[in-house]
C-alpha cells in the first residue's frame, strides 16, 4: 500500500480533494515537494532530524545535554536559552565549549529554511558559524531572511587573515553574486571568496580562538 501511495500521490491528491470535506485536510499546502502530500492529509512521514547540544548545565532536560529531535518536536521545544549558536559542521557542534544560557544546533546547510518558526529561536540572540567561503555566507544570508537578528561568528576578514595559512582553493555551490541579507562588509568578503574560490573550513579554526570570540 505504501508503495502504491508513493507512486500515485498526484492523482490520489486530486481524488482526496474531491471526496474529503474541506475541514479534513490542509488546503493551503499544495504540491508534493517537502512531503506536501503527507502534510496536506495528516499522514506520517520521515521528518528531518535536528541535532543540538545544551551548553549550560542549568538548562539540561532530564539531565540530557545532547538531543536529536524530529523537526516538529524541535519547533515546539521550549528552553530558557538566551543565545543560540547554529553551526555548519557536526564536529564543531560536538566540540563547542560550554556557554551560559546557550545551546548549539547542528545546522542544515542550504536547508536552513526548515528552522523557520522554531519556538527556541524566537526573540533569542542568534549566531551562525559556517565555513568561511561563498556557501557559508550564502547560508548566512538565507538564515537572515527568517531571523534578521542573526550575527555571524568567525566569518569575517580578520579571521580569514589570521588563518590564511589554512585557506584552501575549493569549488563552491553558490552562484549568487548579490546577497540581500548580508552587510556591506560581508558582501565584499563574499566577492573576495567567490572570485578566489577560497575556503576556510570552520574546524580548522583553533579552539582558543573560538573561546576568545565567545566573550560576547
Open item on the list: For segment 74-92, which positions are touching a helix residue (DSSP H, G or I) at 6+ places or on another chain (Cβ under 8 Å), more than 14 Å from residue 210 (Cβ to Cβ) and part of a strand (DSSP E or B)?
Closed with: 84, 86
Open item on the list: Looking at the structure I just gave you, is residue 16 modelled with pLDDT under 90, outside any strand (DSSP E or B) and surrounded by fewer than 16 Cβ atoms within 10 Å (Cβ to Cβ)?
Closed with: yes
TODO: Taking the residues in segment 47-62 that are assigned to a loop (DSSP other than H, G, I, E, B) and at pLDDT 95 or above as candidates, determine which candidate is farthest from residue 141 (Cα to Cα).
DONE: 60
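Results for (1) at pLDDT below 95; (2) under 17 Å from residue 109 (Cβ atoms), shown as yes or no for each residue.
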position: 129; (1), (2): no, yes
position: 134; (1), (2): yes, yes
position: 147; (1), (2): no, yes
position: 195; (1), (2): yes, no
position: 214; (1), (2): yes, no
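The values are calculated or read from the model by the stated rules, or taken from the named source; none is laboratory data. On a predicted model such as this, the values are computed, not experimentally measured, just so you know. Positions of Cβ are generated from backbone atoms using ideal geometry, with glycine treated the same way; all protein chains shown enter the neighbour counts.
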